[in-house]
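K.L.:
Please find one structure pasted underneath; my questions will follow.
The values are calculated or read from the model by the stated rules, or taken from the named source; none is laboratory data. Owing to the predicted nature of the structure, the values given are computational and were not obtained by experimental measurement. Here the Cβ positions follow ideal geometry from the backbone for every residue, glycine too, while neighbour counts run over all protein chains shown. These area figures cover heavy atoms from the full protein model, side chains too; ligands, DNA and RNA do not enter into them. Shrake-Rupley method; radii C 1.70, N 1.55, O 1.52, S 1.80 Å.
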Amino acid sequence: MKVALIPGDGIGKEVMAEGKKVIDAVSEKLNFEISWNEYNFGAERYLKEGKTLTEDDLKELSKNNAIYFSAIGDTRVKPGILEKGILLAMRFYFDEYINLRPIKFFEGVQEILKNKKNIDFYAVRENTEDFYIGIGSNEAKKKHKDEFEILRTIYNVKFNLDIESDKDEIAYQIGILSRKGCERIIRYAFELAKRKNFDLVTGVDKANVLNFYAVWRKIFDEISKDYINDKIKSEYLYVDAAAMFFVLKPERFKVLAIPNMFGDILTDLGAGICGSLGTAASGNINPKGVSMFEPIHGSAPDIAGKGIANPVGQILAGAMMLDELKKSDAANLMIKAVEYVLKEGKVRTPDLGGSAKTADVGNEVIKKIKEM
Ligand code: IPM
Ligand code: MN
């Protein structure tokens, strides 16, 4: 199997070293081979060459079976350039329409919500549509024309906007939801519930205010009917109520289907209620294409270079990747080892109240993998 490795910026490089080390250990133990292709995409290259991801880079990446990504971001680069030019570029180019984010509390982590250790569910975030498609402007003057073309695997859309207002500062953003886009992500959420033997899927939207979410809700309704025989119940929550339940009653959730932007917000909240941004992982999945796996955290320039970043999110993203590459035994072994190390609590990075280094955690996880 060929895997692209993109360590990126800041602590990305440090946690990636551990993720790769752990995957190498588990593949050696279970006798399969990963060949790594490392790429230097990120702030460093952007500052030197002015490039984020070119068409050639994307073609090059597509030669791999999966992409193992860490984090990008650098204080010297204007916000948005690397995020859109690298991260969103990969999600869109490879049509990774599923953003799968387990929200799981690990024993051994200091709990944030009193008496709430029983948090274990999946956020299924739509990953290609909504307000993320890039149609918007912050400089619409009194009379203003804008043209946008959105070229996607599942459709192309053109917007010709003719804006007139009697004030001179108007900003706007347009979101798109397509039937196909909603269907495929909502179906994935129900299929996930079925596979995991869960009895509830929660659809999240804001259909009471934002018109286009009515389509999301209608399709959620249609698809939910296909799963009645599987004894999977469905419910909707407006995103504001969902946020409240994340804090007051997170144990009620099993699988949530969430449009892109609300999914972005709720999954950070999800990481927060589990006590640490450092342990959360995420998969950007196209079941028939090249998927990309990354920790939820960013490049954390404030602690970069100190060797104290928590590598658990990166390691668990690696486990998600192996699971998607049909190496579930390896994935489970990695997860078990990580859970053991967190619970035991001897080797922990400072964010979890310990004094271990990034590499100590990787080594300890490998030690457990070898013992198991
Ligand atoms: C995430 C991040 C990205 C997003 C940013 C960096 C573009 O916050 O993966 O959740 O908004 O999707
Ligand atoms: Mn986010």
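K.L.:
Out of 124, 157, 109, I need the residue that is within 16 Å of ligand 2 (Cβ to nearest atom) and either among the hydrophobic types (A, V, I, L, M, F, W, C) or buried (at least 20 other Cβ atoms within 10 Å of the Cβ) (or both). Which one?
P.N.:
124
Conditions (1) modelled with pLDDT of 95 or more; (2) within 23 Å of the chain's Cα centre (by Cα); (3) surrounded by fewer than 19 Cβ atoms within 10 Å (Cβ to Cβ); (4) not hydrophobic (A, V, I, L, M, F, W, C), marked per residue:
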{"residue": "202", "(1), (2), (3), (4)": "yes, yes, no, yes"}
{"residue": "214", "(1), (2), (3), (4)": "yes, no, yes, no"}
{"residue": "218", "(1), (2), (3), (4)": "yes, no, yes, yes"}
{"residue": "238", "(1), (2), (3), (4)": "yes, yes, yes, yes"}
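K.L.:
Would you check which residues across the range 41-96 are more than 26 Å from residue 302 (Cα to Cα) and among the basic types (Lys, Arg) and list them?
P.N.:
Residues satisfying the conditions are 59, 63, 91.
K.L.:
Tell me which of these residue 40 doesn't satisfy, since it passes every other one: (1) in contact with a strand residue (DSSP E or B) (Cβ under 9 Å, 6 or more places away or on another chain); (2) assigned to a loop (DSSP other than H, G, I, E, B); (3) surrounded by 14 or more Cβ atoms within 10 Å (Cβ to Cβ).
P.N.:
(3)
K.L.:
Within the group 234, 224, which residue is out of contact with any Gly (no Cβ under 6 Å at 6 or more places or on another chain), assigned to a strand (DSSP E or B) and away from ligand 1 (no atom under 16 Å from the Cβ)?
P.N.:
Of the residues listed, the single one that is out of contact with any Gly (no Cβ under 6 Å at 6 or more places or on another chain), assigned to a strand (DSSP E or B) and away from ligand 1 (no atom under 16 Å from the Cβ) is 234.
K.L.:
I want to confirm something. Restricting to the range 278-302 and keeping residues that are of a type in the set (A, V, I, L, M, F, W, C) and assigned to a loop (DSSP other than H, G, I, E, B), which single residue is nearest to residue 121 (Cα to Cα)?
P.N.:
Result: 280.
K.L.:
While we're looking at this one, here's another question. Which residue, of 72, 86, 133, 34, is within 19 Å of the chain's Cα centre (by Cα), away from ligand 1 (no atom under 12 Å from the Cβ), open to solvent by less than 30 Å² (accessible area, probe 1.4 Å) and not small (Gly, Ala, Ser)?
P.N.:
133
K.L.:
Residues 57, 24, 120: which one is farther than 30 Å from residue 254 by Cβ, under 22 Å from the mean Cα position of the chain (by Cα) and among the acidic types (Asp, Glu)?
P.N.:
Sole residue among the options that is farther than 30 Å from residue 254 by Cβ, under 22 Å from the mean Cα position of the chain (by Cα) and among the acidic types (Asp, Glu): 57.
Yes/no per residue for (1) open to solvent by 10 Å² or more (accessible area, probe 1.4 Å); (2) over 21 Å from residue 359 (Cα atoms); (3) away from ligand 2 (no atom under 14 Å from the Cβ):
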{"site": "267", "(1), (2), (3)": "no, yes, no"}
{"site": "275", "(1), (2), (3)": "yes, yes, yes"}
{"site": "288", "(1), (2), (3)": "yes, yes, yes"}
{"site": "298", "(1), (2), (3)": "yes, no, no"}
{"site": "301", "(1), (2), (3)": "yes, no, yes"}
{"site": "315", "(1), (2), (3)": "no, no, yes"}
{"site": "318", "(1), (2), (3)": "no, no, yes"}
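K.L.:
Same structure again: Of all residues in the range 238-276, which are assigned to a helix (DSSP H, G or I), under 24 Å from residue 179 (Cβ atoms) and either in contact with a Phe, Trp or Tyr (Cβ under 6 Å, 6 or more places away or on another chain) or more than 16 Å from ligand 1 (Cβ to nearest atom) (or both)?
P.N.:
Scanning the range 238-276 gives 239, 242, 260, 261.
K.L.:
Given the conditions (1) within 12 Å of ligand 1 (Cβ to nearest atom); (2) polar (S, T, N, Q); (3) in a helix (DSSP H, G or I), and given that residue 314 satisfies all but one, which numbered condition is not satisfied?
P.N.:
All conditions are met except number (1).
K.L.:
If you don't mind, another one. When you go through 257, 242 one by one, which is the residue that is without any contact (Cβ under 8 Å) to a residue 60 or more places away in the chain and either within 16 Å of ligand 2 (Cβ to nearest atom) or of a type outside the set (Val, Ile, Thr) (or both)?
P.N.:
Result of the check over 257, 242: 242.
K.L.:
Out of all the residues in the range 296-312, is one or more touching a Phe, Trp or Tyr at 6+ places or on another chain (Cβ under 6 Å) and at pLDDT 95 or above?
P.N.:
No - not one qualifying residue is present in the range 296-312.
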